[in-house]
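Undergrad: Before I ask anything, let me first share the structure, which is written out below as structure tokens.
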Number of protein chains: 2
Amino acid sequence: MHGGDLDAARKLFPGAPEPFVDLSTGINPHPYPIPALPPEIFARLPEPASLVRLCSLAAKAYGAPSESNVVPASGTQSLMTLLARLPRPGRAMIVGPTYAEHARAASLAGHDVSIVPALDELGAADLAIVVNPNNPDGRVHALDDLLAVAARQRAHDGLLIVDEAFMDAGPRAMSLAGHVERGNVVVLRSFGKFFGLAGLRLSFALASRDIAARLNASLGPWPVSGPALAIGEAALNDTAWMEGARRALAEASQRLDGMLNAAGLEKIGGTSLFSLVRKADAQQVFERLGRAGVFVRRFAEEPRWLRFGLPGAEADWQRLTAAFRR
Amino acid sequence: MHGGDLDAARKLFPGAPEPFVDLSTGINPHPYPIPALPPEIFARLPEPASLVRLCSLAAKAYGAPSESNVVPASGTQSLMTLLARLPRPGRAMIVGPTYAEHARAASLAGHDVSIVPALDELGAADLAIVVNPNNPDGRVHALDDLLAVAARQRAHDGLLIVDEAFMDAGPRAMSLAGHVERGNVVVLRSFGKFFGLAGLRLSFALASRDIAARLNASLGPWPVSGPALAIGEAALNDTAWMEGARRALAEASQRLDGMLNAAGLEKIGGTSLFSLVRKADAQQVFERLGRAGVFVRRFAEEPRWLRFGLPGAEADWQRLTAAFRR
């Protein structure tokens, strides 16, 4: 099960007070303010010139060499499917445990998928996938180590995908975005998590001009919606908002960690958009919170783990505090 | 060049009066009224239950057997790419001339692409593609003829794609939507054209449960945006609006044809969303209209053709009339 499925939460906890406090995702709870959207944003086909502007702003915000290195798409998922099909079906190696959709996409593309625990075990994969910082444990891979993996992939013409979905509020100096032009590397950036607009479905791949051109050709002339273009343009140009959001997320993350610590949950990792904790009775904690209308993320394969996203409104923070005290 | 690119129009006709009257697309100029969109539509990940509701409404509106036969996607383009990759690379045969993106998607998927003039020349294609009614000439293929093609494709396990992008305002009794469950057939429906919301990026594939499940797996858990889900749900449930729109489009189409006829342009086809005309000096007509700020669609490969979409506001109708008189 993915995060954010409140319908599933309601089925699990039918008596819980509504509305649920949804902490099951890693999405900024204070979204970028949506600008006025004139009706033609919805009515007309998005124009090529506006797509170029969006790519140019994304290149600047993410640190890619130029707008020709940017591939805008309706969510990371559609990019994963395309990317997994760039190499011929072969060996896909994924550093994990991590976000499960990568293994699914690679497997659908016909690859033989293995999960390996560390970068130096990626070997000579046809498709190597690293999530940096990692979800759900927040593990950060150093830029030099990733550049070494990229060089090895280049040597045997394999592809390296680095999913930087949580990089905007993270250790941005570790981003590979500035190093894509040499080839064999694709960086994924998610717009919706940091900007708190996951429903908009907007993501970017950053790659060499060659790979970017191939991906753009596959996605066709209208890869993102009018609303995503308009809001993306405004948000990626708003450096003041981005700086403020980074500060606010860091503060909120500290507050969350204080509460988790007070509740006796051992933090084992995270980013400023979520914290991962471990506890022997994590399933009971999940149940107790759920019955109080606080929905967090659990992991079938790691029953002692829980992941907490950030509460937004002060009332949601209070409900989390109260739920822990029950 | 695709329709709707007003930036290109401005470059071609730098002195034209603004705003342009854009008749270069086949999109309903009177969009479905956009309902109020609460902020969480943009902020939250779309929920699985709301996707199921959308599929159920689409099945009903389009005449597919059930919601399990429906694949929602962010525009037809993303579906074309996936569909072209369902068969192994082989022979793709497309009834044309038609919308050029089908040939491009099939070619990118590795098929050897041929354009054939009629259904009975589709032969034993691995991938057969028919646009019904056809764009730009409006040619309608009869249901029985298409069912015969479907049976032939089924006999050698080839795939038939029927792109019904303009069917909502057309001869709906010819739709293959009700016949997809037997397999080897995928019907494409575009939401944005009939509902006048092309910027929303919402389309559907209708297919057997098996094929639909494979396509849905490829597209992943969030194939369409929150705004597309919310607006799509409201619109596909609004049969009164749909009936009214069909009447209004038929009337507008008659009015347009009267004007084209008065201007000495010979109508050679169309749907109620666009009319295709032929004239020896079509390029001069294109230039004359363009200089008057009326942008229509021309075709590189057919220089005597012009395609006219419907004007919306009365002022736009008047500007078209005036442009013809210059």
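Undergrad: What is the projected area of the convex hull of the Cα atoms of the stretch A:97-250, averaged over all directions, in nm²?
TA: The Cα convex hull of the stretch A:97-250, projected and averaged over all directions, gives 9.6 nm².
Undergrad: On a straight-distance basis, which lysines could pair with A:K11 in a cross-link, Cα separation under 25 angstrom, same-chain partners fewer than 8 positions away excluded?
TA: Hits, sequence-local ones excluded: A:K279.
Undergrad: Further, regarding this structure: Angle between the Cα long axis of helix B:48-62 and the longest principal axis of chain B, 0 to 90 degrees, nearest 10?
TA: Here the helix axis deviates by roughly 60 degrees.
Undergrad: Also: Once you put a point 7 Å from the Cα of A:A36 and another 7 Å from the Cα of A:K11, both along the Cβ direction, what distance in nm separates them?
TA: 4.3 nm
Undergrad: Follow-up question, since we're still on this one. With the Cα gyration tensor of the stretch B:100-190 giving a ≥ b ≥ c as the square roots of its eigenvalues, does the rule (a/c under 1.5 for rounded; else a/b larger than b/c for prolate; else oblate) give rounded, prolate or oblate? Don't skip to the end; give the middle numbers.
TA: Details: a/c = 1.57, a/b = 1.16, b/c = 1.35.
Taking the square roots of the gyration eigenvalues as a ≥ b ≥ c, the stretch B:100-190 is oblate.
Undergrad: So what are the ³J(HN,Hα) numbers for the stretch B:289-297, from phi and the Karplus equation (6.51, -1.76, 1.60; θ = phi - 60°), rounded to whole Hz, Gly and Pro as x?
TA: For the stretch B:289-297, the Karplus-derived couplings read 5, x, 5, 8, x, 10, 9, 10, 9 Hz, x marking Gly and Pro.
Undergrad: Take every residue in peptide A:70-81, count the Cβ atoms of other chains within 10 Å of its Cβ, and give the average of those counts.
TA: Details: counts 0, 0, 0, 2, 11, 10, 2, 6, 10, 0, 2, 8.
For peptide A:70-81, the averaged partner shielding equals 4.
Undergrad: To the nearest 20 debye, what charge dipole does the stretch B:145-222 have about its Cα centre, counting +1 at the Cβ of each Lys and Arg and -1 at the Cβ of each Asp and Glu? All intermediate terms of the calculation are to be shown ahead of the outcome.
TA: Details: 9 positive and 7 negative charges, 21 e Å.
In debye, rounded to 20, the stretch B:145-222 gives about 100.
Undergrad: Hey, can you rank A:264-275, B:22-33 by average C-beta count inside 10 Å, highest first? Intermediate values should be presented prior to the final figure.
TA: Values: A:264-275: 20.7, B:22-33: 23.0.
By packing density, highest mean first, the sequence is B:22-33, A:264-275.
Undergrad: Would you mind working out the magnitude of the charge dipole of the protein assembly as shown relative to its Cα centre, with +1 at each Lys and Arg C-beta and -1 at each Asp and Glu C-beta, to the nearest 20 Debye? Before the final figure, lay out each step's value.
TA: Numbers: 68 positive and 66 negative charges, 40 e Å.
Roughly 200 debye, rounded to the nearest 20.
Undergrad: Considering every residue in B:215-222, what mean count of other chain Cβ atoms within 10 Å of its Cβ is obtained? Present the calculation step by step, with values, prior to reporting the outcome.
TA: Details: counts 0, 0, 4, 9, 5, 11, 8, 11.
Partner-chain Cβ atoms within 10 Å, mean over residues of B:215-222: 6.
Undergrad: Going by the rotation axis that takes chain B to chain A, pick out the residue of B with the closest C-beta and quote the gap in whole Å.
TA: Axis-proximal residue of B, distance in whole Å: B:S74, 2.
Undergrad: Per DSSP H run of at least 4 residues, take -39500 (n - 2.57); add these up for chain B, divide by its residues and hand me the 222 nm value, nearest 500 deg cm²/dmol. Don't skip to the end; give the middle numbers.
TA: Values: 12 runs with 129 residues, N = 326.
Estimated from H runs of four or more residues: -12000 deg cm²/dmol.
Undergrad: Separate question: Using only Cα atoms and rounding to the nearest 10 degrees, what angle (0 to 90) does helix B:209-219 make with the longest principal axis of chain B?
TA: 70 degrees
Undergrad: Given all pairs of different Cα atoms, what value in angstroms does the Kirkwood hydrodynamic radius of the stretch A:217-260 take?
TA: Values: mean 1/r = 0.0764 Å⁻¹.
For the stretch A:217-260, inverting the mean 1/r across all distinct Cα pairs yields 13.1 Å.
Undergrad: What residues have an amide H closer than 5 Å to that of A:V116, excluding those fewer than 5 places away on the same chain, when H is modeled at 1.01 Å from N in the peptide plane?
TA: The answer is A:I94, A:V95, A:G96.
Undergrad: Which of the peptides B:282-291, A:114-123 is most tightly packed, and how do the rest follow, judged by the mean count of other Cβ atoms within 10 Å per residue? Can you show the working numbers first?
TA: On the way: B:282-291: 17.0, A:114-123: 14.3.
Ranked by mean Cβ neighbours within 10 Å, highest first: B:282-291, A:114-123.
Undergrad: On average, how many beta carbons from a partner chain sit within 10 Å of the beta carbon of a residue in B:45-58? Numbers along the way, then the final one.
TA: Values: counts 14, 5, 7, 6, 6, 1, 0, 1, 0, 0, 0, 0, 0, 0.
What the average comes to for B:45-58 is 3.
Undergrad: Now a separate question. What distance in nm separates the simple spin-label points at A:S66 and B:T239, each placed 7 Å from Cα in the Cβ direction?
TA: 5.6 nm
Undergrad: Right, here's the next one. Of all DSSP beta bridges in the protein assembly as shown, what percent run antiparallel (nearest 5)? Can you show the working numbers first?
TA: Numbers: 40 of 78 bridges.
In the protein assembly as shown, approximately 50 percent of DSSP beta bridges are antiparallel ones.
Undergrad: On to the next question. What number do you get for the protein assembly as shown when its Cα radius of gyration is normalised by 2.2 N^0.38 Å, N = residues?
TA: 1.00
Undergrad: Report, for B:R172, each distance to the same residue's label point in the other copies, shortest first and in nm; define the point 7 Å along Cα→Cβ.
TA: Those label-point separations list as 5.1 nm.
Undergrad: Please order A:K279, B:K11 by the number of other Cβ within 10 Å, starting at the fewest. Walk me through the numbers before you get to the answer.
TA: On the way: A:K279 17, B:K11 10.
So the residues, fewest neighbours to most, are B:K11, A:K279.
Undergrad: Quick one: angle between helix A:143-155 and the longest Cα principal axis of chain A, in degrees between 0 and 90, rounded to 10, please.
TA: Between helix and principal axis, roughly 40 degrees.
Undergrad: With just the Cα atoms defining each centre, how far is the stretch A:169-226 from the stretch A:231-264? Give it in Å.
TA: With the stretch A:169-226 and the stretch A:231-264 each reduced to a Cα centre, they are spaced 21 Å.
Undergrad: For chain A, what ratio Rg/Rh do Cα atoms give with a Kirkwood hydrodynamic radius?
TA: Numbers: Rg = 19.8 Å, Rh = 20.4 Å.
Dividing the radius of gyration by the Kirkwood radius yields 0.97.
Undergrad: When the dipole is taken about the Cα centre of the stretch A:29-133, and only Lys, Arg (+1) and Asp, Glu (-1) are charged at their Cβ, what size is it in debye, to the nearest 20?
TA: Values: 7 positive and 8 negative charges, 37 e Å.
My answer is approximately 180 debye.
Undergrad: Now a separate question. How large is ³J(HN,Hα) for each residue in the stretch A:3-20, as worked out from phi by the Karplus curve 6.51 cos²θ - 1.76 cosθ + 1.60 (θ = phi - 60°), to whole Hz, x for Gly and Pro?
TA: Computed from phi, the couplings for the stretch A:3-20 are x, x, 9, 5, 5, 5, 4, 5, 6, 5, 10, x, x, 5, x, 9, x, 5 Hz.
Undergrad: For chain B, with the dipole built from +1 on Lys and Arg beta-carbon atoms and -1 on Asp and Glu ones, taken about the Cα centre, which of B:S253, B:H141, B:A58 lies farthest toward the positive end?
TA: B:S253
Undergrad: Whole-Hz ³J(HN,Hα) for each residue in the stretch A:162-170, computed from phi via Karplus 6.51 cos²θ - 1.76 cosθ + 1.60 with θ = phi - 60°, x for glycine and proline: what do you get?
TA: 10, 8, 9, 4, 10, 6, 4, 9, x
Undergrad: If we sort B:221-227, A:107-113 on the protection proxy, mean other Cβ atoms within 10 Å, highest first, what's the order?
TA: Values: B:221-227: 26.3, A:107-113: 17.6.
So the order, starting with the most tightly packed, is B:221-227, A:107-113.
Undergrad: So how far apart, in nm, are the two label points at B:K267 and A:A100 if each is 7 Å from Cα heading toward Cβ?
TA: Roughly 5.5 nm, to one decimal.
Undergrad: Given R₀ = 25 Å, FRET efficiency for B:R182-B:A217 by Cβ-Cβ distance, to 0.05?
TA: Details: r = 21 Å, r/R0 = 0.84.
The computed FRET efficiency comes out at 0.75.
Undergrad: Can you give the Kirkwood hydrodynamic radius for the stretch B:182-274, in Å, rounded to one decimal and based on Cα pairs? Could the numbers behind the result be given before it?
TA: Numbers: mean 1/r = 0.0627 Å⁻¹.
Here the Kirkwood hydrodynamic radius works out to 15.9 Å.
Rule-based calculations on the coordinates, nothing more; no lab input. Fair warning: this is a prediction, and the values are worked out from it, not measured in the lab. In this analysis, Cβ positions are derived from the backbone assuming ideal geometry, glycine residues included, and neighbour counts consider all displayed protein chains.
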